[in-house]
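S.K.: One structure is given below, represented as structure tokens, and several questions about it will come after.
None of the figures in this text is laboratory data; all of them are computed from the coordinates on show. Please read these numbers as outputs of a predicted model, since none were measured by experiment.
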Amino acid sequence: MYLVDRLFDDDVPVETVVWVSEGVRAAIRHYLKKDRRSAQKVLVKLKYYAEAGFRLFEGPRRPVKHEWDGVYRVGEPGLLFRIVGFYEGGNRRSFIAIEAFEKSGQNLRPSEKDRINNVANVCRCVTWQKVRTA
């Protein structure tokens with residue numbers, strides 16, 4: 001079971017609420033230690049996408065891209081860090097992020113494809129739950 005919590009505070013007005021697993025939080029922390037400038041750019045853009053609504057940034061060669069089986073990846077063009085998740089329901093107002101990783105190149109490796117398949121399985125089997133931490 002994956003427990004997900006809001007990435008941004010309740011006082012941040014967003015069209016798409018971003019919920020993240022502890023694994024995503026850990027990957028973001030790791031990326032911040034490795035490349036603070038790029039990681040901060042990713043977080044600023046992620047907040048911008050959430051405020052405006054992810055649906056405005058969807059499509060091929062766009063920051064929010066459908067991978068397969070209802071799974072989307074969010075990434076900043078020019079950077080290889082990816083947040084992988086799915087929408088809760090059909091209105092695209094809630095994004096559940098289960099995985100995050102830095103790609104090793106332009107093409108996905110088998111291990112990265114496995115991680116995306118895992119996210120699809122989490123979505124299909126509903127093995128996630130929202131929590132609120134203080």
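S.K.: Over the chain, how many percent of alpha carbon pairs lie in each 10 Å bin up to the one with the longest distance?
M.R.: 12, 48, 36, 4
S.K.: Skipping prolines and chain starts, which residues have an amide H placed within reach, meaning under 5 Å, of the one on TRP128, given they are 5 or more residues away or on another chain?
M.R.: For TRP128, whose amide H was placed from the backbone, the distant partners under 5 Å are TYR2.
S.K.: Would you mind checking the pairs LYS65/LYS113; LYS33/LYS113; LYS34/LYS65; LYS45/LYS65 and listing those with alpha carbons more than 18 angstrom apart?
M.R.: LYS33/LYS113; LYS34/LYS65
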